[in-house]
Amino acid sequence: MTKRCTGAEIFVKSLSREGVETIFGYPGGTVLPIYDKLYDSDFEHILPHHEQGGIHAADGYARSTGKTGVVIATSGPGATNLVTGLATAYMDSVPLVAFTGQVPSHMLGTDAFQEADITGISMPITKHNYLVQKTENLARIIKKAFHIAGSGRPGPVLVDIPKDIMMQEVEFSYPDRVDLRGYKPNYRGHPLQIKKAAEKINQSRKPVLYAGGGVIISGASSELRQLAEKAQIPVTTTLTGLGAFDERSRLSLGMLGMHGSTEANMAISHADLIIAVGCRFDDRVTGKLDEFAQEAEIIHIDIDPAEVGKRVAIDIPIVGDVKGILTELNKKVTEKSGNGWGSQIQEWKDMDCRKCSEIGENGRLSPGPIIEEIDSLTEGEAFIVTEVGQHQMWAAQFFKYSHPRQFITSGGLGTMGYGFPASLGVQVGNKEAPVFLLAGDGSFQMNIQELATAAKNNLPVKMVIFNNQYLGMVRQWQEMFLDKRYSSTCLRRRADCPPRCSEPGEDCPEMIPEFIKVAEAYGIKAEKITEPEDVRPALERALAEPGPYLLDCLIEVEENVFPMVPPGGSLYEMILEEESE
Amino acid sequence: MKHTVAVQVANESGVLARIASLFSRRGFNIESLSVGQTEKEDVSRITLVVCGSQRVLEQLEKQLNKLIVVYKVSNITNDPAVSRSMAFIKVRADYSTRSEIIQIVDVFRGEIVDVANDSVMVEITGDEGKINAMEELLEPYGIIELVRTGKIAMTRGKK
Ligand SMILES: Cc1ncc(C[n+]2csc(CCOP(=O)(O)OP(=O)(O)O)c2C)c(N)n1
Ligand SMILES: [Mg+2]
């Protein structure tokens with residue numbers, strides 16, 4: 001039976017049919033008809049305080065739950081405010097559907113009030129996008145959008161809906177399925193390739209599994225563990241792959257790449273076989289490409305054929321869904337009790353180069369122990385969401401991740417301002433779970449307005465600010481590679497400071513803002529922490545608080561992240577510690 | 001190396017923009033491109049001539065395939081195929097040179113499509129080499145204006 005509905009009604013009904021429960025959205029002129037229908041609907045609607053906050057929250061919701069995130073914005077500025085969020089989600093293959101209002105069809109192309117060509121703008125940062133031209137097409141387009149966003153290699157899809165399309169009435173029927181002629185992801189790996197891969201694995205003496213975010217997306221963690229344990233292969237993960245493999249396992253090498261562990265980077269550099277799973281050989285992972293894994297043959301398993309062979313030549317490519325392919329592979333690999341290079345790997349592990357003193361050189365807190373304290377207090381069971389910078393790398397290094405989807409971070413795009421709103425989305429999608437935001441003092445200020453969203457929705461995110469009074473990661477590069485010329489990275493700097501200053505000191509101005517006062521203005525409890533012995537009790541108070549809580553941790557200002565592969569360097573050329581002066 | 005790639009795409013608005021955006025973003029070097037309708041109303045066909053190594057070409061094919069609006073990508077560089085492009089050449093021609101020019105055009109099975117006092121316009125269809133040769137021969141008379149289409153191609157036989 002069909003019934004006549006307006007486009008806005010079709011929108012609401014279609015979303016229900018897709019099983020959407022939560023929407024992150026911000027109203028405006030061209031989405032008024034939709035908001036009028038949402039007023040009577042059962043969706044949980046979260047109003048962020050900036051569209052960028054909305055889309056990052058939808059992204060955090062999606063990454064942590066595996067469901068497709070939904071965001072709504074109005075035309076023009078509302079739509080352009082989504083751009084960073086779309087690019088962030090696209091880089092990390094996050095399923096999102098973004099709906100934007102658009103000026104009425106007859107005004108398209110006339111530079112009408114709040115008109116922006118968002119389909120044109122978002123073309124290279126979405127998996128696909130649509131401009132709806134007829135109300136008759138709306139339901140089908142929504143169906144397609146969710147199908148594309150959530151299948152194959154997931155990604156964001158944008159649907160731009162002119163206002164007149166929302167108001168026109170047509171008969172509504174929702175398609176059960178869609179068949180897209182130009183989109184047929186290949187899920188099944190080629191049996192012959194899988195067989196070859198198994199043979200290679202069985203022959204190898206120094207194999208390494210290199211697992212990326214694709215393992216998490218595919219839900220293949222247990223298959224990965226089986227393979228690792230059956231064939232006794234050590235596993236390293238990428239930043240977005242953290243949690244795909246239990247880091248407490250003996251076979252875990254931790255993260256690889258620019259700030260990866262010694263054991264991971266050394267193992268990759270000396271392996272005779274690399275089994276790359278659900279990953280894409282990002283430049284932050286490989287270091288100098290010519291010298292990446294020179295001694296190894298490479299098996300690459302990924303659902304996106306365009307990633308296979310894009311940066312690195314592959315010996316055995318297997319295109320398809322990671323989970324299914326690993327299942328098949330597991331049937332064919334022979335069980336081993338150990339491998340030839342366990343002791344070598346142990347030697348590298350013993351070098352443990354993450355810096356981890358109780359207290360920094362200048363009497364301020366050291367970041368590592370704070371993160372380890374969170375790990376121990378939550379027994380490793382919290383969601384950890386980060387911003388971007390040094391604190392992000394410490395979060396990757398010092399917490400032992402054991403579950404997929406537990407670690408939420410902007411990897412590919414490295415978006416400052418992502419973490420805080422994303423943590424709110426994580427909490428919305430996981431109401432009972434402990435959610436920690438580990439933020440830099442710079443990044444946190446990029447979407448600080450979302451404190452209102454946290455407060456008003458009583459989202460009990462525990463915000464831990466690593467307050468080093470610098471754009472620390474950039475300052476680290478300046479210190480190490482640009483003669484310590486701290487150009488525009490000091491967050492305490494005022495207009496009357498000397499024109500050039502690279503020596504933080506006693507007389508420096510106070511940090512602006514005072515984070516705990518900002519939190520208080522939003523009605524959020526907050527504490528400043530300066531002493532190591534206060535860290536644990538403060539974290540306990542934060543966890544005991546039923547609402548959001550902010551901890552402003554004054555950490556060592558010039559602490560650096562190590563190990564570090566210098567930009568353009570090879571993985572085995574890691575810098576392990578500070579040069580002593 | 002030059003490659004000829006035939007791409008079947010959806011016949012809908014914005015398709016060319018998607019493809020152009022992909023080429024510029026990924027830095028593919030397109031020598032020529034021509035788009036037109038096919039025997040199916042909802043399908044258009046793009047013929048591309050691309051420069052690059054085998055590896056670049058492989059990426060281009062894969063990236064094109066990722067676009068939802070792209071139905072099929074075929075590299076027909078090494079297939080037996082017929083390919084043509086067309087050109088108009090406006091060349092200086094006065095009383096004394098006009099008949100020479102007409103002779104050249106005849107040899108190439110071109111056509112004079114317009115005659116003015118001091119110039120003629122030549123239409124020529126053929127593969128790239130033929131059009132280049134024509135251009136070279138007409139050069140000494142003085143080429144006033146030249147326009148060329150992109151190449152279109154089709155494989156021979158049933159395929
Ligand atoms: C939107 C955006 N702008 C600029 C950058 C470049 N950037 C990378 S890390 C960083 C510093 C981040 O500072 P902070 O949040 O204080 O973290 P810290 O490194 O001090 O831990 C900057 C500016 C970025 N990644 N994202
Ligand atoms: Mg900082």
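The values are calculated or read from the model by the stated rules, or taken from the named source; none is laboratory data. Keep in mind it's a predicted model, so treat the numbers as computed, not measured. Every residue, glycine among them, receives a Cβ derived from its backbone with ideal geometry; neighbour counts consider all protein chains shown. For the accessible areas, the whole protein counts, side chains as well, though only heavy atoms, and no ligand, DNA or RNA atoms are used. Shrake-Rupley method; radii C 1.70, N 1.55, O 1.52, S 1.80 Å.
Observations
- Flag: residue A:367 does not match the condition of being away from ligand 2 (no atom under 16 Å from the Cβ), modelled with pLDDT of 95 or more and not polar (S, T, N, Q).
- Meets criteria (assigned to a strand (DSSP E or B), surrounded by 24 or more Cβ atoms within 10 Å (Cβ to Cβ) and in contact (Cβ under 8 Å) with a residue 12 or more places away in the chain) for residue A:236: yes
- Boolean, residue A:561 is closer than 30 Å to residue A:293 by Cβ, assigned to a helix (DSSP H, G or I) and not aromatic (Phe, Trp, Tyr): no
- Of the helices (runs of 4 or more DSSP H) lying entirely inside the range A:258-333, those containing at least 1 residues that are over 20 Å from residue A:199 (Cα atoms) are A:262-270, A:283-286.
- Some residue of the range A:530-539 being in a strand (DSSP E or B) and either open to solvent by 10 Å² or more (accessible area, probe 1.4 Å) or assigned by TED's automatic domain parsing to the domain that holds residue A:475 (or both): no
- Considering the range A:414-450, and only residues there that are of a type in the set (A, V, I, L, M, F, W, C) and near ligand 1 (Cβ under 8 Å from one of its atoms), the residue that is nearest to residue A:84 (Cα to Cα) turns out to be A:416.
- One residue alone among A:58, A:89, A:62, A:79 is open to solvent by less than 10 Å² (accessible area, probe 1.4 Å), part of a helix (DSSP H, G or I) and under 21 Å from residue A:165 (Cβ atoms), and that residue is A:79.
- In the range B:142-149 there is at least one residue that is away from chain A (no Cβ under 14 Å), assigned to a loop (DSSP other than H, G, I, E, B) and over 30 Å from residue A:182 (Cβ atoms).
- Test: residue in the range A:463-472 that is away from ligand 1 (no atom under 16 Å from the Cβ) and either within 14 Å of chain B (Cβ to nearest Cβ) or open to solvent by 10 Å² or more (accessible area, probe 1.4 Å) (or both): no
- Unmet criterion (only one of (1) within 12 Å of another protein chain (Cβ to nearest Cβ); (2) touching a Pro at 6+ places or on another chain (Cβ under 6 Å); (3) open to solvent by 30 Å² or more (accessible area, probe 1.4 Å)) for residue A:124: (2)
- Test: residue in the range A:513-529 that is over 27 Å from residue A:262 (Cβ atoms), within 15 Å of ligand 2 (Cβ to nearest atom) and aliphatic (A, V, I, L, M): no
- Residue check for residue A:177: more than 11 Å from every other protein chain (Cβ to nearest Cβ), assigned to a helix (DSSP H, G or I) and open to solvent by 70 Å² or more (accessible area, probe 1.4 Å): no
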